[in-house]
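Visitor: This structure is in structure tokens; I'll ask about it shortly.
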Amino acid sequence: MDKNIVLVGFMGTGKSAVGHILAHKLNREFVDMDIVIEARAGKPISAIFADDGEPAFRAQERALVQELSARTGQIIATGGGVVLNPDNVTDFSRTGVVVCLRAQPETILDRVAHDSHRPLLESDPDKAAAIRELLAHRKPLYEAIPLHVDTDHRTAREVAEEVLALYLGQAN
Ligand code: S3P
């Protein structure tokens, strides 16, 4: 079975950049969940949060996990909050190798400092505090994923190589 590679991890850990590299390298389909959700909703994630609320976004995210985990051969970059529903991780693990990308709060702040499309960090004028708080809350959920790669001070290409090595060790 051509298991999926499923990248999870907090915002700014490089899931999309690493996913792109892996898809190119392995000649596989790349699915960026946030982009699919935006395309289907016809508006950006920040507008989905603002107009419809976070629960509506989570429901769309859940439905997409169910759809994607029924297929194989994909490289999937998830949104940072996908781990909030444990069923998402269970479903993805059936047909894929789930790898958690990690980074220190300072690295995350550096990477997202100039972004304005992450609604969970927009509401708080103190982005560093928002990151620390959300990370602390989600830490056990990310730590429950057995495979992880640290991304601090590393390029997306280096991280992709390590993800690939983990995948090759698990895929069969
Ligand atoms: C979220 C992360 C975002 C996006 C949404 C919610 C989260 O994705 O799905 O804003 O709850 O951490 P990225 O991790 O790609 O920024």
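The values are calculated or read from the model by the stated rules, or taken from the named source; none is laboratory data. Here the structure is a predicted model, which means the values were calculated and not measured. Please note: Cβ atoms are built from the backbone with ideal geometry, for glycine as well, and neighbour counts cover all protein chains shown. Each accessible area value is taken on the protein alone, full model and side chains, heavy atoms only, with ligands, DNA and RNA left out. Shrake-Rupley method; radii C 1.70, N 1.55, O 1.52, S 1.80 Å.
Visitor: For segment 1-145, what does the accessible surface come to per residue with a 1.4 Å probe? Please give it in Å².
Guide: Computed with neighbouring chains in place, this is 47 Å² per residue.
Visitor: Also, I was wondering about something else. How much length would be gained if the chain were fully extended between Ser123 and Arg138, taking 0.36 nm per residue of separation minus their Cα-Cα distance, in nm to one decimal?
Guide: My answer for the length gained is 3.6 nm.
Visitor: Now a separate question. In the chain, with Lys and Arg counted as +1 and Asp and Glu as -1 at Cβ, which of these residues, Val112, His20, Leu168, has the Cα nearest the positive end of the dipole, that is, farthest along it?
Guide: Comparing the listed Cα positions along the dipole, Leu168 ranks first.
Visitor: Could you pull the Cα extents of the chain along its three principal axes, largest to smallest, in whole Å?
Guide: 45, 34, 28
Visitor: Once each part is reduced to its C-alpha centroid, what is the distance from segment 1-45 to segment 103-125 in angstrom?
Guide: Using only Cα atoms, the two centres lie 19 Å from each other.
Visitor: At a threshold of 8 angstrom on Cα-Cα distance, excluding pairs fewer than six apart, so keeping six or more, what relative contact order does the chain reach in percent?
Guide: Taking the mean separation of contacting Cα pairs over the length of the chain, I get 34 percent.
Visitor: Separate question: Just to check I understand the Karplus step: with θ = phi - 60° and J = 6.51 cos²θ - 1.76 cosθ + 1.60, what whole-Hz values come out for segment 7-24, glycine and proline as x?
Guide: 9, 10, x, 5, 3, x, 8, x, 4, 5, 5, 5, x, 4, 4, 5, 5, 5
Visitor: Same structure, new question: Keeping the other protein chains in place, figure out the carbon and sulfur percent of the accessible area of segment 4-171, with a 1.4 Å probe.
Guide: Ligands and nucleic acids excluded, carbon and sulfur give 53 percent.
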